[in-house]
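First the structure, in the form of structure tokens, and then the observations on it.
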Amino acid sequence: MGRFIVLRTLRGLLTVWGLLTLVFVVLRLSGDPLEALLGDDAPPEMVDYYTVLYGFDQPLWRQYLQYFWGLFQGDWGQSFRDGRDALEVVLERVPATLQLGFAAFVFSLLVGIPLGIVAALYRNTALDRFAMGFAVLGFALPNFFIGIILILFFSMTVRWLPSSGTGTWAHLILPVVTLGTAGAGSIARFARSSMLEVMNRPYMRTAQAKGLRRPRRIMWHAVPNAAIPIVTLLGFRLGDMIAGSVVVEAVFAWPGVGRLLVNAVTARELAVVQAVIVIVTITMVTANLLVDLAYAWLDPRQREGRNERKR
Amino acid sequence: MGRKQAVEDVSFEIARGETLCIVGETASGKSLTALSILDLHSPGVSASGAVVLDGRTLLGLSDRTLADVRGRDVSMVFQEAVPALNPVQTVEAQLIEAIRSHRSLTRNEARGEALTLLTSVGIHEPERRLVAYPHQLSGGMAQRVMIAMALSAKPSLLIADEPTTALDVTVQAQILNLLRDLRTQHNLALLMISHDMGVVAEMADRVAVMYRGRIVEMGPVEQIFDAPAHPYTQRLLAARQQARRTPVRGTSGAPLIEGKGLSRRYPNPRRWLFEARSETVAVDCVDITIGQSEIVGLIGESGSGKSTIGRLLLGLEAPDAGSVTIDGQPMPRPGEPRWQALRQRFQVIFQDPHSALDPRCRILEQVKEPLDIFEIGAAADRPARAAAALDQVGLDASVHRRFPGALSGGQKQRVVIARALVLQPRFLVCDEPVSALDVSVGAQIIDLLARLQRETDMSLLIVSHDLSLVRTLVDRVIVVKAGRIVEEGETTALFAAPRHPYSRLLIASAPITHPRDRRRERLTAV
């Protein structure tokens, strides 16, 4: 297990490095950051001054080395706009995004898993079809569309909930539902098929032959086994919560990392974009590591002989 | 969709202390009949009629009411024990759950009871097994746990659905002994489902023969074996007692393949970063020779390394030590010109014909494919050659355009054999060629292999755990245990007088052919 964690962490660092390199190159090749910052009609002396200040006169490889050398010393670069440390700019937005992402994740679990289990238990009934209809709608409709519909109804028509901003729990509801619905949909579908598969396993028949009643068979024998594949999906979903927040934060004017990223890319705030990428990648890698650990905890077969092959 | 009648008008009764065996082949309805007793069907299957236990009608009771009967009055053990146990719970959790669902005991008392039960089914170190998960148990051990679980509430009827089919012969013999002892001890009514007349001969007081959803014959075991009335019963019995094929010749001529000092090890996965890598020795310093047109049987239990030996001789795996020579020349490596020729002339047949065929490719196409690969003959002639190979294994033109899904297991295995034959192999490895098939179908496949060998003069290596198969087909037997050859010899001689204790155990464990041969206490548990 120790070896496993070390390996996965190293692999995660490799992912962060690869992604940073890609973003570094793409951002610099796709347009002139100073043009975005200073505008078209800035005087040449001013452009030259900033070119030298931010090191854009250096060859790309040197900028790259300097950037990474800085990273190792804790220097994430500066925001062009206000000269603040890029990491600081990003970190102050992180709590808002985590709040939204985590709440949406919990929402999608609380809705998706029971929905999937119920659909599996009442397979091919009206209940099943209703649940799966909801699930399909959930992940087929784009985030921004759901968001706008919710705003139209709850903020404009009945005026129960605020359409944007932050502060109270009421502000949280619409963005969370918007962001969590797609997750709930795919979790529900997955939970359903996982349950159906488990219900046909020989050990479910054993549980029945032992004389266990149906509720116990489901809660003690089916659900724990069905949970194993669901957990894998949750890892991806957790990442999507952060990535999906880009759109949702824009729709609801939520002051999180997602909105910051959109603004920073438009403004060619190189250091800020890079810092956001690092933070998001680290979140993704950590989420997946946690999933693998949860996997090992849930499934005794995973705890040993991870790559054991059958012969 | 219409409903299919799988079982029709089946009636039987069973008394305490009695063993009734229901025997029949795949899809004869025997398992469905057993499951009906406790209404354990998958959704969509329904049963009608009456099931009466000690005067109480069971069929038609609600799931809630039946839950009290299941496990307490009637319990059941299944064919494959490891998948029948919940993979995420320990043996302890599952045993205690079974005990406490029918008896009001505290957790601790139940744990004590679980230990007693495990001991009573012959598990050594029960404390250690309690904390084990199902995947850490061998098949035989898991079946013992299942039996312990089934007996936890002292039922009056135990239903055993093919309880030993998935097990090695020696383990099968132990489990059958155990079931017999427990039946006597607890005065159980034992209902056994089996496809194996050997198991029936070993266990039954009475036999019910099922064929196409009906009981075609029922009676005391001796009567069924001595005077089978129904033609199907006669066929089943005949399948077990095939005429011994007379060996064509001794080991004459030059050897075709020679393996010297073959070893093969597999690394075990490391659990910790700096743990030394341990290895599993699959094959350990094995010398093996297969003569021209000789039929050699390689017998041993699961995990003995017999399949690995087959792969080493085929060149599909390279040995870690030792060498294989073919016609006196070293085994070529992939990429060398002789490698292609070798792949054409050395063929293999696998255990499970269902997964050995491409489900989306028509039969004739699959048999023709090897000809395309090796560019044998003119492209236009190849379908005819493939058809001839199919004809050789007894399949006519009606199957040519079909997909594998439309064929029975026996037909599929014939297709697999035809696909190997079409290349006119010199050496054919048959890895458990009949163990996935019904007995009477398996017998036909064996006859087919014997006939093909006579016609084509190829060498055969039969890898099997099934002694009766090996006995009827092969010229020479090699017994493997834990990666080593423990004994080899001419078939009749070896079966008549096995020298190594392990060969003796294997032969003694093989199911008998007639109930009069029942071994009382002949075997001691290993």
Consider all pairwise Cα distances in the stretch A:86-125 and report the whole-number % of them above 12 Å.
-> 67
Where q = 0.15, 0.19, 0.25 Å⁻¹, what log10 of I(q)/I(0) comes from the Debye formula for the stretch A:109-206, counting one point per Cα?
-> -0.66, -0.88, -1.15
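With N set to the residue count of the protein assembly as shown, report its C-alpha Rg divided by 2.2 N^0.38 Å to two decimal places. Write down the numbers at each step before the final one.
On the way: Rg = 34.0 Å, N = 837, 2.2 N^0.38 = 28.4 Å.
My calculation over the Cα atoms of the protein assembly as shown gives 1.20.
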Note the full-extension length gain between B:K260 and B:L316 as 0.36 nm times their separation in residues minus their Cα-Cα distance, in nm to one decimal.
-> 18.5 nm
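Just tell me how shielded B:165-174 is by partners: mean number of partner chain Cβ atoms within 10 Å of each residue's Cβ, no decimals.
On the way: counts 0, 0, 0, 0, 0, 0, 0, 0, 0, 0.
If you average over the peptide's residues, the count of other-chain Cβ atoms is 0.
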Comparing A:A126, A:A275, A:A184 in a Gaussian network model of chain A (Cα, 10 Å), the one with the largest mean-square fluctuation is A:A126
For A:L19 and A:E92, FRET efficiency with R0 = 22 Å and r from the beta-carbon atoms, rounded to 0.05?
-> 0.45
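Set the Förster radius R0 to 51 Å, insert the Cβ-Cβ distance between A:F145 and B:R64 as r into 1/(1 + (r/R0)^6), and round the FRET efficiency to 0.05. Walk me through the numbers before you get to the answer.
Values: r = 47 Å, r/R0 = 0.91.
Here the calculated transfer efficiency is 0.65.
Hand me the trypsin sites (Lys or Arg not before Pro) from the stretch B:170-219 located in a DSSP loop with no more than 16 other Cβ atoms within 10 Å, in residue order please. It would help to have the intermediate numbers written out before the result.
Details: sites: B:R180, B:R183, B:R206, B:R212, B:R214; in loops: B:R212.
Passing sites in the stretch B:170-219 are B:R212.
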Top positive-direction residue, dipole computed over the protein assembly as shown with Cβ charges, set B:M76, A:W297, B:L407 | B:M76
Got a sec? Which residues in the stretch B:34-60 would a label at B:D9 touch, if it sits 7 Å along Cα→Cβ and we count backbone N under 17 Å?
-> B:48-50
What 222 nm value per residue comes from the helices of the protein assembly as shown, counting each DSSP H run with n ≥ 4 as -39,500 (n - 2.57) and dividing by all residues, nearest 500 deg cm²/dmol?
-> -15500 deg cm²/dmol
Cβ neighbours within 10 Å from other chains - mean over B:86-97 | 4
Under a point spin-label approximation (7 Å from Cα along Cα-to-Cβ), what is the A:W160-A:Y122 distance to one decimal in nm?
-> 2.3
Does chain A come out rounded, prolate or oblate, given a ≥ b ≥ c as the square roots of the eigenvalues of its C-alpha gyration tensor, rounded meaning a/c under 1.5 and, failing that, prolate meaning a/b above b/c?
-> oblate
Pick out the long, greasy-scoring helices in chain A: whole DSSP H runs spanning 30 Å or more along their own axis by Cα, mean Kyte-Doolittle at least 1.6.
-> A:94-121, A:270-298
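How high is the relative contact order of chain B? Use alpha-carbon pairs under 8 Å, at least six apart in sequence, and give a whole percent. Kindly include the intermediate steps, with their values, before the conclusion.
On the way: 936 pairs, mean separation 87.4, N = 526.
Taking the mean separation of contacting Cα pairs over the length of chain B, I get 17 percent.
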Student exercise, chain A dipole from Lys, Arg, Asp, Glu Cβ charges, in Debye to nearest 20 = 2900
The stretch A:1-82 - charge dipole about Cα centre, Lys and Arg +1 at Cβ, Asp and Glu -1, debye rounded to 20 = 980
Given Cβ charges of +1 for Lys and Arg and -1 for Asp and Glu, the option among A:N263, A:A227, A:L238 whose Cα lies farthest towards the positive end of the dipole of the stretch A:203-311 is A:A227
With springs only between Cα atoms under 10 Å, which of A:E45, A:E249, A:E88 fluctuates most in a Gaussian network model of chain A?
-> A:E45
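Round to the nearest 0.05 the FRET efficiency obtained for B:C361 and B:A388 when R0 = 25 Å and r is the Cβ-Cβ distance. Can you show the working numbers first?
Working: r = 19 Å, r/R0 = 0.77.
Between B:C361 and B:A388 the formula returns 0.85.
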Zero-based 5 Å bins, Cα pair distances in the stretch A:15-111, whole percents | 2, 10, 15, 19, 18, 12, 9, 6, 4, 2, 1, 0
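How high is the relative contact order of the stretch B:180-239, in percent, with contacts defined as C-alpha pairs under 8 Å that are six or more residues apart? Walk me through the intermediate numbers first.
On the way: 43 pairs, mean separation 13.1, N = 60.
Computed over the stretch B:180-239, the figure is 22 percent.
Per-residue Cβ counts within 10 Å, from other chains only, averaged over A:4-13: what number is that?
Numbers: counts 4, 1, 1, 1, 0, 0, 0, 0, 0, 0.
Average neighbour count from other chains, rounded to a whole number: 1.
Where Rh is the Kirkwood radius over the Cα pairs of chain B, the temperature 4 °C and the viscosity 1.567 mPa s, what D in µm²/s does Stokes-Einstein return? Spell out each step's value before the answer.
Working: Rh = 25.4 Å.
The diffusion coefficient I find is 51 µm²/s.
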Cα-projected label distance for B:Q223 with B:T325, points at 7 Å along beta-carbon direction, nm = 6.4
Cα centre as origin, Lys/Arg/Asp/Glu Cβ charges: the stretch A:31-168 dipole, Debye | 1220
Pull up the cross-link candidates among the aspartates and glutamates for A:K210, meaning alpha carbon to alpha carbon under 13 Å and not fewer than 8 places away within one chain.
-> B:D39, B:D63, B:D68, B:D73, B:E97
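Hey, what does the equivalent ellipsoid look like for the stretch B:417-526, semi-axes from the Cα gyration tensor as sqrt of 5 times each eigenvalue, largest first, whole Å? Numbers along the way, then the final one.
Values: eigenvalues 156, 57, 29 Å².
Equivalent-ellipsoid dimensions as semi-axes: 28, 17, 12 Å.
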Quickly work out the B:I512-to-B:V216 label distance, labels modelled 7 Å from Cα along the C-beta direction, and quote it in nm with one decimal.
-> 2.6
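Coordinate-derived values only; no laboratory data. Owing to the predicted nature of the structure, the values given are computational and were not obtained by experimental measurement. Because the Cβ atoms are built from the backbone with ideal geometry, glycine has one as well, and the counts that use them run over all protein chains shown.
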